[in-house]
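Written below as structure tokens is the structure these notes are about.
Coordinate-derived values only; no laboratory data. Computed from a prediction, not measured in an experiment: that's the story for all the values here. Quick reminder, even Gly has a Cβ in these numbers, built from the backbone with ideal geometry, and neighbours come from all protein chains shown.
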Amino acid sequence: MARRIVVLTGAGISRESGLATFRDADGIWAQVRIEDVATPDAFARDPARVQGFYNARRAQLRDPAIAPNAAHLALARLEREHPGEVLLVTQNVDDLHERAGSTRLIHMHGELMKARCMSCHGASPWRADIAPDSACPACDARGRLRPHVVWFGEMPLAMEEIGAALEACDLFVSIGTSGNVYPAAGFVAEVRGRARTVELNLEPSEGASLFDEAMHGPATQVVPAFVDALLRGA
Ligand code: APR
């Protein structure tokens, strides 16, 4: 039985909750270009367009029809019932892991339901649209709020804590991610040989050959099955 587990998730775990992934045929990057909405340059060039992109995704996430699925719930159960450490590192900016009950959770790409102030640098809970004159809840500065989301070219969050957890883990599970974006895509190479590595994904990811084991299928099927087996001591 593994003692210290690190789980990495990507957009695939939220797909069956109704949120689009990024690189599937019907994904977000098939609708809009990264360079136009997900870089600091895009925000400097056309802040209204970037805010509009994230306001639309935040509005979708407020829709009560968008809820945690069996895969999110299985990971929350793993955290509750596993006798050792479980750290969930997600690339996702949705709040479905929290709503499923996960607490040992790091959002390395930020959170859609938070706004970050470019004056005081504080990140505050924020469920509404960010408007051009929205005021920071912490320092009251107006018109200084951006999405608390890590854009391409920016440093992901909590990388020291993630690095320490990868260093100490004896089981690494990657779920619903295509293995296209670093540093997350490089985590398996950091731990392989030292930890048991498992990929749970709809189809083999870019990094599939680096994993000891894989279960391919929809997350709502393969993740609960894997967690059940793990908690039975497999
Ligand atoms: N169950 C399991 N896996 C699925 C499902 C499903 N129902 N549907 C799709 N997938 C898989 C796809 O096969 C793909 O491998 O989920 C993966 C999604 O990959 P991406 O769309 O690239 O999303 P992700 O890996 O999370 O992207 C990483 O890139 O664009 C940036 O910041 C963004 O956090 C994102 C990062």
Please state which of the following conditions Trp151 fails to meet, knowing it meets all the rest: (1) of a type in the set (A, V, I, L, M, F, W, C); (2) more than 30 Å from Val227 (Cα to Cα); (3) crowded, with 19+ Cβ neighbours inside 10 Å. (3)
Options Arg58, Arg80, Arg104; residue that is more than 14 Å from the ligand (Cβ to nearest atom) and in contact with a helix residue (DSSP H, G or I) (Cβ under 9 Å, 6 or more places away or on another chain): Arg104
Consider only pairs whose beta carbons are under 9 Å apart and that are at least six residues apart or on different chains; among these, list those whose first residue lies in segment 80-99 and is within 20 Å of Ala164 (Cβ to Cβ) and whose second residue is among the small types (Gly, Ala, Ser) and surrounded by fewer than 21 Cβ atoms within 10 Å (Cβ to Cβ). His82/Ala2; Gly84/Ala2; Glu85/Ala168; Val89/Ala158
So how many residues does segment 16-33 have that are surrounded by fewer than 16 Cβ atoms within 10 Å (Cβ to Cβ), hydrophobic (A, V, I, L, M, F, W, C) and within 7 Å of the ligand (Cβ to nearest atom)? 1
Among residues of segment 146-186 being of a type in the set (D, E, K, R) and touching a helix residue (DSSP H, G or I) at 6+ places or on another chain (Cβ under 7 Å), the residue nearest to the ligand (Cβ to nearest atom) is Glu154
Of all helices (runs of 4 or more DSSP H) completely enclosed by segment 32-115, which ones contain at least 3 residues that are of a type in the set (S, T, N, Q)? 47-62
Go through segment 9-20 and report how many residues are without any contact (Cβ under 8 Å) to a residue 12 or more places away in the chain and either touching a strand residue (DSSP E or B) at 6+ places or on another chain (Cβ under 9 Å) or of a type in the set (Ser, Thr, Tyr) (or both). 0
